[in-house]
Amino acid sequence: MNRILILAPAVVAVACSVAAQPPAPGAPAPVPLFSDGVIKSFTPADNPITDAKAKLGDMIFDEKRISTDNAIACNTCHSPRNGFTTHTETSRGVGDQLGKRNAPSILNAMFYKSMFWDGRAETLEEQATLPILNPIEMGQKDPTDVVAKLAAIPEFVEAFQQVFGHPVNWADMGKALAAFERTRLSTEAPFDRYLHGDEKALNASQRRGWALFTGKARCGTCHTYDAALPLFGDNRFHNTGAAAQKQDYNQLAARAARTAAAGSQAEKDKLALETDFSELGRFLTTQKKEDIGAFKTPFLRDVLLTGPYMHDGSLETLWDVVGFFNKGGERNPFLDAEMKPLGLSENEVDDLVNFLGALTSDRFGDLRAAELDRQRTAFLYRRAVQHQTANRGR
Ligand code: HEC
Ligand code: HEC
């Protein structure tokens, strides 16, 4: 298992080195997935996207000096080279502190109705400044310190003046970051070409996978397909039992159901990222019993490149994810009513994974096949080791 884990990142680094906008060598030119009209309708009127603003947002996104120890930028955890994620289970911030959650991709995040796995922030603007003040992410104590740091860097002074017409300030940092994030979007994938009438864009296994996705495997009940916004998410929260894989989850849930949790945004952020209460998910925000252990349904575009999966990075490959849903998730008192054992055969699991691969943008070209191979090898290797260990134990 260790051997695979050591080998795996090397392949990923190659596979995902083009995860930013430029296409892979030999890959077709990227075709936009969303019309300008759709993008505009999801952009707040008081923060229109301009090239200069998105460029400033990009500069801030890449700037390590906004963290307290000048070592962590947004892109440390949301690396463009890795599909705007990190291929680690959960992420590390200042002083090498390890958080409780897996860093999601920021690709298409503008289309979420709320941000974070538990939706505790409403908008990209509101979300953007939270990591800077989080003690284990970027570690700053006070917005004025951050503003003072940027205001001492001439290129930021100039860019803020040009974009906003005044000196560096906190709220505009959030606006520029959000504008940049609204330019990071998935592009056309084989699945889209298939829907546009190109039968050959999907192979037979991927076509069977699509039928299973909306049929027997019931994925589409939560990862809804909407032709106007084809992202495969319902913008809602569900308890799939991913959190219940943790040993002390039931105890935690029982305790939470009796006591109400935190108040302020900063307190919620702390609970979610630094404590075992992280596993309570949406409950931290709503304090409704039915939200215990519920997390946001993630969009599935480019999902091949964003592993490990789930809010805690607990599932390494797409085979593990489909296997998890196949057994009906993890039983617990708050399990979503839609979670049921599916009875999928091994071939059907393969078909579903192959279909998920077809949701990954054409700009990644042949590298998609390499990542699928890496995941298959990692999964089969781990399963073989587990069988061997189980046999030895007899
Ligand atoms: C130390 C690693 C780390 C740093 C630094 C970091 N993030 Fe994140 N980011 C995460 C994690 C982990 C989550 C998920 C947390 C959660 O859901 O509770 C997240 C969530 C997000 C989301 C929500 C996406 C979604 O699907 O809901 C956005 C947007 C985002 N980060 C943008 C940023 C920006 C902008 C910065 C820089 C100001 C930044 N992040 C810095 C780790 C990091
Ligand atoms: C009851 C709603 C529901 C159903 C049904 C469902 N999902 Fe999910 N899915 C979710 C939620 C919620 C998460 C995040 C859970 C978490 O992190 O704790 C998730 C996570 C995932 C992820 C991980 C994505 C990432 O970025 O980490 C993949 C892949 C996925 N689902 C695919 C599928 C497939 C394939 C099926 C059908 C076999 C399916 N889902 C069925 C709600 C659902």
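Summary table below
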{"read-out": "Given Lys64/Lys327; Lys40/Lys141; Lys149/Lys288; Lys113/Lys327, the pairs whose alpha carbons are separated by over 31 Å", "value": "Lys64/Lys327; Lys40/Lys141; Lys149/Lys288"}
{"read-out": "Theoretical FRET efficiency, 1/(1+(r/R0)^6), r = Cβ-Cβ of Ala45 and Asp142, R0 30 Å, to 0.05", "value": "0.50"}
{"read-out": "Cut-off under 5 Å, modelled amide H: who pairs with Asn239 long-range", "value": "Phe295, Asp336"}
{"read-out": "Among 368-374, 288-294, 72-78, the order from most to least packed when residues are scored by Cβ within 10 Å on average", "value": "72-78, 288-294, 368-374"}
{"read-out": "Vicinal HN-Hα couplings computed from phi for segment 202-209 (Karplus, 6.51 cos²θ - 1.76 cosθ + 1.60; Hz; Gly/Pro x)", "value": "10, 7, 4, 5, 5, 5, 5, x"}
{"read-out": "Check: segment 39-181 dipole with +1 on Lys, Arg Cβ and -1 on Asp, Glu Cβ, in debye", "value": "260 debye"}
{"read-out": "Computed over segment 190-360: relative contact order in percent, which uses C-alpha pairs under 8 Å that are six or more apart", "value": "31 percent"}
{"read-out": "Amide H contacts under 5 Å for Gly281, placed H, 5+ residues apart", "value": "Gly293"}
{"read-out": "FRET efficiency estimate (nearest 0.05) - Cβ-Cβ, Glu346 to His196, R0 25 angstrom", "value": "0.20"}
{"read-out": "Cα-based helix-to-principal-axis angle, 346-357 vs the chain, degrees rounded to 10", "value": "20 degrees"}
{"read-out": "The chain - mean residue ellipticity at 222 nm from DSSP helices (-39,500 (n - 2.57) per run, n ≥ 4, rounded to 500)", "value": "-12000 deg cm²/dmol"}
{"read-out": "Computed P(r) (all Cα pairs; segment 71-124; 5 Å bins; percent)", "value": "5, 20, 25, 26, 19, 5, 0"}
{"read-out": "Per-residue Cβ neighbour rank within 10 angstrom, fewest leading, Ser361, Ser264, Ser105", "value": "Ser264, Ser105, Ser361"}
{"read-out": "Nearest 10 degrees, 0 to 90: helix 154-164 Cα axis against the chain principal axis", "value": "90 degrees"}
{"read-out": "Footprinting exposure proxy for Phe364, Phe164, Phe42 (fewest neighbouring C-beta atoms within 10 Å first)", "value": "Phe42, Phe164, Phe364"}
{"read-out": "Distant-in-sequence amide H partners of Asn102 (H built 1.01 Å from N, under 5 Å)", "value": "Asp312, Gly313"}
{"read-out": "About the Cα centre, charge dipole magnitude for the chain (Lys/Arg +1, Asp/Glu -1 at Cβ), debye", "value": "1120 debye"}
{"read-out": "The chain: angle of helix 367-392 to the longest principal axis, Cα-based, in degrees nearest 10", "value": "60 degrees"}
{"read-out": "For segment 39-181, the spread of Cα positions along each principal axis, largest first, Å", "value": "41, 36, 27"}
{"read-out": "Table column - 3J(HN,Hα) (Hz), segment 330-345, Karplus curve with 6.51, -1.76, 1.60, x for Gly and Pro", "value": "10, 5, 6, x, 10, 4, 4, 4, 7, 8, 9, x, 9, x, 7, 6"}
{"read-out": "The chain: translational diffusion in µm²/s, Stokes-Einstein, Kirkwood Rh over Cα pairs, 10 °C, 1.306 mPa s", "value": "72 µm²/s"}
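Just so you know, all these numbers are worked out from the coordinates, no wet-lab data involved. Keep in mind that this is a model prediction, so the values were computed, not measured. Every residue, glycine among them, receives a Cβ derived from its backbone with ideal geometry; neighbour counts consider all protein chains shown.
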